[in-house]
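Single-structure report; data block below.
The values are calculated or read from the model by the stated rules, or taken from the named source; none is laboratory data. Everything numeric in this text was worked out from a predicted model, so none of it was measured. Cβ placement follows ideal geometry from the backbone for every residue including glycine, while neighbour counts extend to all protein chains displayed.
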Amino acid sequence: MLAAMTWLPWVIGIGAIVLVVLYVISIYNGLVHRQTEAENAWSQIDVQLKRRHDLIPNLVETVKGYAAHEKETLERVIQARNAAVNARGVAQLAEAENALTAALRQLMVVVEAYPDLKANENFRALQEELTSTENRISFARQHYNDVVAQYNIALRRFPSNIIASMFRFPAYDFFQLDAQELAQVRQAPKVQF
Amino acid sequence: MSALVTFRDLIAANRRKSAWLVAGFCLFTTVALTGLSLGILALAAPDAFAYWDWRQTLVLALGAAAISGLIAWLALYRGDKFLLFVSGAQPIRKEDDPQLYNVVEEVAIAAGIPPPPVYLIDDTAMNAFATGRDPQHAAVAITRGLREKLTRDELQGVIAHEIAHIRNYDIRLMMLLAVLIGTIAVLADVFLHMLRFAGHGRSHSRREQRKSGAGGNAGVVIVILVAIILALLAPLVAQIIQLAVSRQREYLADATAVELTRNPHGILGALRKLAGDTEELEVANRGTAHMYFVNPIRKYAARGNSIFASHPPIEERIRRLEQLLV
């Protein structure tokens, strides 16, 4: 009877090891899942920026037909767009995209002076696409930041921090707004009724 | 409530509740259908029921289990199409309404889910709903009345509310509730009508009945028992659904809409417009009312605090959103 019990500690020991290994695997997989989410969210920003680049030549052509002597503003939009398309690296890209955002805002202000253009169906469709694209870009950034926040919390929280440092999971940076946008966001929210 | 409830916790809770609902439905319908078929068999062929045969009961129970399993499967995998169909929702393409499509795609990006297909309900009443079993298999539907009366920002707020339901898996639980509880209600209705009909027919054959003896009597007892349970249950549909769908869900989806769009004015503007609207949405009913953006049965929308309400009062939703402005 007693001899039969000698394997019991082994079973308990091996069982405990198996449980620990399974636990580590589940934490590891959770980290991989969140890291993949962050990478997907990052590529979503790229997709939306590309969408904006593709939209601009069409927009410029349409505006040109009605407001040809706003050449300077149109030039600036095209230049900013080309700079953004050719930008390499996160810092350069962020700068070029911010310049493009500013140039497009300027264009939309200028357009206000041309009622015929604003009534043009093609232009209105493009304007809707542009509004949507701007929203998509900021929502994609927002989602990226949300996902990265979740991932970075997991990197720091016990016990996943042990697994994370063991397998060298890198921390990700948030997508920062540029100084001008930040100033706008920090203003008190406008309440309209 | 714990301090940190993420939407992942909400998803887990909704999955769990959905699983319990399916299990409860299967158990209930299996027992009810077995009881019914036993009773009907006993009435139709009293001689076969002269003695109790457990194998016969087992076969009937297995058949009933298969049927309820099939209904549950259909509810989970085809329930969205069914609910869209009974709500009169028609799929639209991007060319039909580019702005609506853009808004849906934008907010889906903010929520990190694939953009759901968009459906239009050709009705002047103002309402919307989302359905599906998970974010990969979901749809949003909006009435023409609501679509036409909202600004772009307000539309974004409403769509964000619906996408919040999709991301949190509220849609799965609400779809299963509508289809499964609805199925029980319909079965109960059909059965009760049958019973009334059979009651008329039986008076002619009372003499034969007396001859048939114990089997017939057992059948009558079983059928009457099941009938009483179903008759009690059928009118409670709205209340059962309301018990399962906490009204907190709507407040939460409103708050999530603001979180996704970073703009409380959109959904606030939409709710203010809806507060002044009194038109009924005819395609909605007791079984599907809980899915909608605001209660489609307008006489309930006003007295939102009553026990029969599936939605919180619109005024209270507006008040809570206004607190976010300060």
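Just for region B:244-299: of the residues that are within 20 Å of B:R147 (Cβ to Cβ) and of a type in the set (S, T, Y), which one is nearest to the other protein chains (Cβ to nearest Cβ)?
Out of the qualifying residues, it is B:T261.
Does B:I71 satisfy being under 23 Å from B:M291 (Cβ atoms), outside the structural domain of B:A164 (by TED's automatic domain parsing), β-branched (V, I, T) and in contact (Cβ under 8 Å) with a residue 12 or more places away in the chain?
Values: under 23 Å from B:M291 (Cβ atoms): yes; outside the structural domain of B:A164 (by TED's automatic domain parsing): yes; β-branched (V, I, T): yes; in contact (Cβ under 8 Å) with a residue 12 or more places away in the chain: yes.
Yes; evaluated as a whole, the condition is true for this residue.
Restricting attention to region A:57-86, report how many residues are closer than 19 Å to A:S138 by Cβ and touching a residue at least 40 places away in the same chain (Cβ under 8 Å).
Residues that pass the stated criteria total 1.
Out of B:R78, B:R93, B:R55, I need the residue that is in a helix (DSSP H, G or I) and over 30 Å from B:L195 (Cα atoms). Which one? Can you show your working first?
Working: B:R93 fails: in a helix (DSSP H, G or I); B:R55 fails: over 30 Å from B:L195 (Cα atoms).
The conditions single out B:R78.
Let me confirm something: among A:A91, A:A140, which residue is in a helix (DSSP H, G or I), under 15 Å from the mean Cα position of the chain (by Cα) and more than 14 Å from every other protein chain (Cβ to nearest Cβ)?
Every option except A:A91 fails the conditions.
Yes or no, residue by residue, for (1) surrounded by fewer than 23 Cβ atoms within 10 Å (Cβ to Cβ); (2) within 14 Å of another protein chain (Cβ to nearest Cβ):
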{"site": "B:K149", "(1), (2)": "yes, no"}
{"site": "B:L155", "(1), (2)": "no, yes"}
{"site": "B:V158", "(1), (2)": "no, no"}
{"site": "B:I163", "(1), (2)": "no, yes"}
{"site": "B:N168", "(1), (2)": "no, no"}
{"site": "B:M174", "(1), (2)": "no, no"}
{"site": "B:L180", "(1), (2)": "no, no"}
{"site": "B:V190", "(1), (2)": "yes, no"}
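Filter region B:98-121 down to the residues that are more than 22 Å from B:L271 (Cα to Cα), touching a residue at least 24 places away in the same chain (Cβ under 8 Å) and surrounded by fewer than 24 Cβ atoms within 10 Å (Cβ to Cβ), then identify the one that is farthest from the other protein chains (Cβ to nearest Cβ).
My answer is B:P117.
Does B:V190 satisfy the condition of being under 20 Å from B:A72 (Cβ atoms), outside any loop (DSSP other than H, G, I, E, B) and either at pLDDT 80 or above or not aromatic (F, W, Y) (or both)?
Considered against the rule, which asks whether it is under 20 Å from B:A72 (Cβ atoms), outside any loop (DSSP other than H, G, I, E, B) and either at pLDDT 80 or above or not aromatic (F, W, Y) (or both), B:V190 comes out as yes.
So is A:A41 within 14 Å of chain B (Cβ to nearest Cβ), at negative phi and in contact with a His (Cβ under 8 Å, 6 or more places away or on another chain) or not?
Judged against the criteria, A:A41 is a match.
Could we say that B:D153 is part of a loop (DSSP other than H, G, I, E, B) and in contact with a helix residue (DSSP H, G or I) (Cβ under 7 Å, 6 or more places away or on another chain) here?
For B:D153, the condition - part of a loop (DSSP other than H, G, I, E, B) and in contact with a helix residue (DSSP H, G or I) (Cβ under 7 Å, 6 or more places away or on another chain) - is not met.
Would you check if A:N98 is away from every other protein chain (no Cβ under 14 Å) and part of a helix (DSSP H, G or I)?
Numbers: away from every other protein chain (no Cβ under 14 Å): yes; part of a helix (DSSP H, G or I): yes.
When the stated conditions are applied, A:N98 passes them.
Yes/no matrix, rows are residues, columns are (1) among the polar types (S, T, N, Q); (2) farther than 22 Å from B:D170 by Cα; (3) not assigned by TED's automatic domain parsing to the domain that holds B:H137:
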{"residue": "B:S18", "(1), (2), (3)": "yes, no, yes"}
{"residue": "B:F25", "(1), (2), (3)": "no, no, yes"}
{"residue": "B:T30", "(1), (2), (3)": "yes, yes, yes"}
{"residue": "B:R93", "(1), (2), (3)": "no, yes, no"}
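Considering only region B:122-138, state which residues are surrounded by fewer than 24 Cβ atoms within 10 Å (Cβ to Cβ) and more than 15 Å from the chain's Cα centre (by Cα).
Across region B:122-138, the qualifying residues are B:D122, B:D123, B:T124, B:A125, B:D134, B:P135, B:Q136, B:H137.
Looking at A:Y66, A:Y23, which is the one that is surrounded by 13 or more Cβ atoms within 10 Å (Cβ to Cβ) and hydroxyl-bearing (S, T, Y)?
After ruling out the rest, the residue left standing is A:Y66.
Give the residues of region A:141-179 that are of a type in the set (K, R) and over 24 Å from A:A94 (Cβ atoms), sorted by residue number.
In the first step, residues of region A:141-179 are kept if they are of a type in the set (K, R); the result is A:141, A:156-157, A:168.
A:R156, A:R157, A:R168 - these are the residues of region A:141-179 that are of a type in the set (K, R) and over 24 Å from A:A94 (Cβ atoms).
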